[in-house]
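K.L.:
Dumping the structure here so I can ask a few things about it.
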Amino acid sequence: MEYLQTQGIRLPRLGLGTFRMQGDVCRAAVESALALGYRHIDTAEMYGNEDAIGAAIAASSVARGDLHITTKVWNENHAPDAMRRAFDSSLKKLRLDQIDLYLVHWPAPVMNLPAMFETLMKLQQEGRTRAIGVANFNIALLKTVVEQIRAPIACNQVEYHVMLDQTPLRKYMSANSIPLVAYCPLAQGRAASDPTLMAIGRKHGATAAQVALKWLLDQESVAAIPKASRSESQKSNLDALHVGLDEEDLQAIAGLPKDKRFVNPGFSPAWD
Ligand SMILES: NC(=O)c1ccc[n+]([C@@H]2O[C@H](COP(=O)([O-])OP(=O)(O)OC[C@H]3O[C@@H](n4cnc5c(N)ncnc54)[C@H](OP(=O)(O)O)[C@@H]3O)[C@@H](O)[C@H]2O)c1
């Protein structure tokens, strides 16, 4: 496994996404992923599956120190007391003593960013989470967090895949040493049947999904968290790390449409 070093943590570059998996299905998927060698699991209080993931971790023999767990606080819990309650609840469901990375899941239309980050930084100082970060933050919001509040954010988790350009955001994040964790790295599964990616895959004995993932993982300071419920897909996604893409492949991928954003809850601030 390859890792990104960020704000004192070691983030495995390929993780398992778990949105829309719950109960026994989620538990089985996480158990399978851990057995295959995944060491990074992405969840959120909003996904309603932290208890299933906690059960999978408890049943696994992977050493806690080798495991990276990200979870996220939902919008209704941005206020300091609510955030602490949400954090405690996540920790309990996950059956852990400490979270590895605790993220603000979405920016809300009205937020007290200084109060939110004061609480997050306290949770980190208390050792309850090893690192803190954000998701779905645009450049303007990142500027406030990084340049005014000076919070030590370990990542910004955003939608990023072969069909969506994130160049301006990536430039700001690179300049400030903030890794990008790519969600929907398979464009919610669409990448697996894209003809251009399938043709590139045929050339290398790989699948279109592997090509999409390797395109992300070849970029500096980018991690990816594909969701896969089937063990075969989980293994294949892990093996994407070994695919080699050449200049001709990169040019073909650059020619794909880059304006396909598939996730937007409707209350996020305008993207840059
Ligand atoms: N921070 C945020 O606001 C945010 C928002 C969205 C997502 N996320 C995180 O990012 C994760 C990934 O995003 P996502 O689940 O929306 O989309 P995704 O990972 O791009 O795509 C998941 C879909 O691809 C399929 N798939 C996986 N591996 C495959 C393979 N090798 N071949 C063919 N199909 C494959 C899955 O099928 P099966 O399910 O049948 O296995 C599933 O339908 C989420 O699970 C969540 O953890 C975060």
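K.L.:
Could you run through segment 201-235 and say how many residues are within 9 Å of the ligand (Cβ to nearest atom), open to solvent by 30 Å² or more (accessible area, probe 1.4 Å) and more than 21 Å from LEU180 (Cα to Cα)?
P.N.:
Total meeting the criteria: 6.
K.L.:
Only residues that are farther than 14 Å from LYS214 by Cβ and open to solvent by less than 40 Å² (accessible area, probe 1.4 Å): list them for segment 243-260, please.
P.N.:
Within segment 243-260, just LEU256 meets the criteria.
K.L.:
What number of residues in segment 19-51 are open to solvent by 10 Å² or more (accessible area, probe 1.4 Å) and either β-branched (Val, Ile, Thr) or closer than 21 Å to SER89 by Cα (or both)?
P.N.:
Total meeting the criteria: 12.
K.L.:
Check SER229 against each of (1) assigned to a helix (DSSP H, G or I); (2) in contact with a helix residue (DSSP H, G or I) (Cβ under 7 Å, 6 or more places away or on another chain) and name the one condition it does not meet.
P.N.:
Failing condition for SER229: (1).
K.L.:
Which one is farthest from ALA135 (Cα to Cα), of the residues in segment 93-104 that are open to solvent by 10 Å² or more (accessible area, probe 1.4 Å) and in contact with a strand residue (DSSP E or B) (Cβ under 7 Å, 6 or more places away or on another chain)?
P.N.:
Ranking the candidates gives LEU96 first.
K.L.:
Yes or no: ASP81 farther than 26 Å from ALA240 by Cβ, among the acidic types (Asp, Glu), surrounded by 14 or more Cβ atoms within 10 Å (Cβ to Cβ) and more than 14 Å from the chain's Cα centre (by Cα)?
P.N.:
No; evaluated as a whole, the condition is false for this residue.
K.L.:
While we're on this one: Filter segment 236-255 down to residues that are part of a helix (DSSP H, G or I) and either within 13 Å of the ligand (Cβ to nearest atom) or of a type in the set (A, V, I, L, M, F, W, C) (or both), then give me how many there are.
P.N.:
10
The values are calculated or read from the model by the stated rules, or taken from the named source; none is laboratory data. Bear in mind the structure is a predicted one, so any value in this text is a computation, not a measurement. Quick reminder, even Gly has a Cβ in these numbers, built from the backbone with ideal geometry, and neighbours come from all protein chains shown. These area figures cover heavy atoms from the full protein model, side chains too; ligands, DNA and RNA do not enter into them. Shrake-Rupley method; radii C 1.70, N 1.55, O 1.52, S 1.80 Å.
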